[in-house]
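So the structure is just underneath, and the comments pick up after that.
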Amino acid sequence: MVTAAEHPTRGAATDRAASGWLRRSGLRRRIAGLISLRWILLAVLLIGVLIYVPIVDNFRVSTTNRDIFTGEITNVGLANYERLLQDPVVWSALLNNTLYALLSIIFQVFGAFLLAAMIEGLKSKRARNFWRAMYFIPSAISTTVTGLLFYFIYQPDVGLLDAGLRAIGLGDWARPWLALEETAIFGIIAMSQWQGFGYSTLLFSIAIQKIPRELYDAAIMDGAGPIRRLWSITFPMSREMTGLMVIVTITGAFQVFNEIMVMTAGGPNNSSQVLGTWLYQQAFIQNEFGYGAAIAAVIFVVTMLTGAAQVWYTAKRRVKL
Amino acid sequence: MTVGTGNPPSESALFWTAISKSFVYSLLVCLGVIVLYPLLWMAASGFKTNTQIFNAPFAIPLSWSLENYIGAWNEGVRSFLVSSLIVTATSAFCTVMISAWTAYGLTRTRMPCKPLITGFILGGLMLSPTVALIPLVRMMQSVGLYNTHWALILLYTAFRIPFTTFLIRAYMLELPSDLDEAARMDGATEGQIFWHIMLPLCRPIIVSSVILHILFAWNEYLFAMIFTNAQEVQTLPVGLTSLMAKHGTDYAQVFAAMTISALPIVLLFFAMQRYFVRGLTEGIGK
């Protein structure tokens, strides 16, 4: 119909009246289609102007430098990217992001999976709801609050951690956790696990609930113990959720910012910098917008890769189902 | 195959069941303590004096006076709370309304280039706010929105539309289209169908979307820190860090401020748990 409207000569062979009707209805449809664009106009406008345009613009900014004294902006080509490769903090930041991802996968994916399996194995429904809800509480609270809270907990003078260690006779282990280069990033990652494990446990619980009960009944009849059932039924049956959580966790680990900003701001001596905080430091403290934009480009590449992995993974799963 | 209740459990099997049960319960309780204790410590420290915080971190507060809480409230928390409320409520309303419109357009109308538009909107899900940060600052400064609530409202709305549209769209796709088809046959306009049929049908997912948006906007820190610097426009997460920078030695008051900031969202979670869970599962599972 649309073709007929677009090429009146082709429609000429058919009945003239029908062709006229077709043409008009094709046009009407087309107008109706254009009018229905009003439903998405605002969303497209907002997303376009505030997400896509700045992200494209970021690449332009990354090829410029601004003179700190004169404010003059010059085009420097790929110089900021060359600087990136030679910046040791960028590499240690990447390492910290990777460390974040790895430890989060261990605790918030596999640990949370085991915990969810234990919770879902409980007989009473009220107990299951109770534990799931309790573990979720930290995830509902702002990272600023939990970050500050753990900043205090790690303090050598008022902190719970060192006081607790001394109380149980491990006073030798007590130290200013966030003020030492070797421990700062681990202190932050530990806080992040504390805050996030309840969230992934909740998601795994839901995945486990969807596994058909008959599988377990059959396994019990065959004499499979709880460990065997966990390994042969629960784990393979929630593999999709596990895969998705691994991807989501990696994406999150490369965007981490808040807790580092609040707890150490990247210190001491840049030992706990991640890409996000180093970008902030360069662009907004040192006023090196061009260099900051180049760091942002690295984050862009990593998150695009994990994002593509996620799309690919969910698409593959949909085909299979 | 009538194995049925078969062989009765042996004594050693019972023993191992008891062992594993007590292991599971002690683990759950331990984790529960690890989760709750720091939070309770935070709330309790808000009632202490600074000397007590320093000398007896584990102790229960000597008195339950609200002095620190009132101090924190007057020291800026009230203003941060108002800003948080304004930004969260306005952006929640805008995000969910616009996303519902968009989801309706994407599922119920014959618009041209639908796959392309869907890809454009949902593609926003993959893009990290950090990457857009530097150009956004210049943009907001050049249009005069820097350091206003509007900057945050616009950004929260734009950055949450992809996810919220994704949630509502998935829900609308699963709704049978009989009802709106029938209304269309009866001559209802698209607007009427949206307001009187689709929106009421989508209420559960709308509630979930609102709650997830509140959770996001109430806790957001990156944009709030970069785009506001005056105390009058700062939201709670940023306000807390500036309070910490200004009154960093008055630990008790900072603890009180942290508790005030965390409490509303925890209460909301417990009140609306069902909707929280629905939103989270729809968000990741699809």
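What follows draws every value from the coordinates through simple rules; no lab data is involved. Because the structure is a prediction, the values reported are computed rather than measured. Because the Cβ atoms are built from the backbone with ideal geometry, glycine has one as well, and the counts that use them run over all protein chains shown.
Plugging the Kirkwood radius over Cα pairs into Stokes-Einstein for chain B, at a temperature of 10 °C and a viscosity of 1.306 mPa s, what D comes out in µm²/s?
Value of D from the Cα-based Kirkwood radius: 70 µm²/s.
Based only on other Cβ atoms within 10 Å, what is the fewest-to-most ordering of A:Trp194, A:Trp91?
Neighbour counts put them in this order, fewest first: A:Trp91, A:Trp194.
Exposure proxy check: A:Glu120, B:Glu232 ranked by fewest other beta carbons within 10 Å?
With the sparsest Cβ surroundings first, the list reads B:Glu232, A:Glu120.
Return the sequence-ordered ³J(HN,Hα) values of the stretch B:276-282 in whole Hz as given by the Karplus equation 6.51 cos²θ - 1.76 cosθ + 1.60 applied to θ = phi - 60°, using x for Gly and Pro.
3, 5, 4, x, 5, 6, 5
Test of understanding: what is the full-extension gain from A:Ile168 to A:Leu27, defined as 0.36 nm times their sequence separation minus their Cα-Cα distance?
Using 0.36 nm per residue and subtracting the Cα-Cα distance, I get 42.6 nm.
With +1 assigned to the C-beta of every Lys and Arg and -1 to the C-beta of every Asp and Glu, and no other charges, what is the dipole magnitude of the protein assembly as shown about the Cα centre in debye, to the nearest 20?
Roughly 2220 debye, rounded to the nearest 20.
Given H placed on each backbone N at 1.01 Å, which residues far from A:Thr64 in sequence or on other chains put an amide H within less than 5 Å of it?
Correct list: A:Val76.
What is the Cα centroid distance between the stretch B:244-282 and the stretch B:17-83, reported in whole angstrom?
After rounding, the separation between the Cα centres reads 12 Å.
Between A:Ile220 and A:Ile106, what FRET efficiency follows from the Cβ-Cβ distance if R0 is 35 Å, with the result rounded to 0.05?
Calculated value: 0.70.
Can you compute the modelled spin-label distance between B:Arg184 and B:Val82, with each label point 7 Å from Cα toward Cβ, in nm?
Result: 4.8 nm between the two label points.
Note the full-extension length gain between A:Val158 and A:Arg60 as 0.36 nm times their separation in residues minus their Cα-Cα distance, in nm to one decimal.
Contour length minus the Cα-Cα distance gives 30.5 nm.
List B:Val29, A:Val89, A:Val256 from most exposed to least, where exposure is judged by having the fewest other Cβ atoms within 10 Å.
B:Val29, A:Val89, A:Val256
Based solely on its DSSP helices, what 222 nm [θ] is calculated for chain A when runs of n ≥ 4 H residues each add -39,500 (n - 2.57) and the sum is averaged over all residues, nearest 500 deg cm²/dmol?
Rounded to the nearest 500, the figure is -21000 deg cm²/dmol.
Provide the per-residue ³J(HN,Hα) series for the stretch B:185-190, in order, calculated from phi with Karplus coefficients 6.51, -1.76, 1.60 and θ = phi - 60°, each as a whole number of Hz, with x at glycine and proline positions.
Once rounded to whole Hz, the list reads 4, 7, x, 6, 7, 4.
Check the protein assembly as shown and count each lysine pair with an alpha-carbon distance under 30 angstrom, considering only pairs eight or more places apart or from different chains.
16
Answer with one residue from B:Tyr275, B:Tyr104, B:Gly71: the one whose Cα lies farthest towards the positive end of the charge dipole of chain B, charges on Cβ with Lys, Arg +1 and Asp, Glu -1.
Most positive-ward Cα: B:Tyr104.
Does the stretch B:129-239 come out rounded, prolate or oblate, given a ≥ b ≥ c as the square roots of the eigenvalues of its C-alpha gyration tensor, rounded meaning a/c under 1.5 and, failing that, prolate meaning a/b above b/c?
Because a/c hits 1.5 or more and a/b exceeds b/c, the stretch B:129-239 counts as prolate.
For the stretch B:72-87, what does the Karplus curve 6.51 cos²θ - 1.76 cosθ + 1.60, with θ = phi - 60°, yield as ³J(HN,Hα) per residue in whole Hz, taken in order and with x for Gly and Pro?
Calculated HN-Hα couplings, in order: 4, 4, 6, 7, x, 4, 4, 5, 4, 5, 4, 4, 4, 4, 4, 5 Hz.
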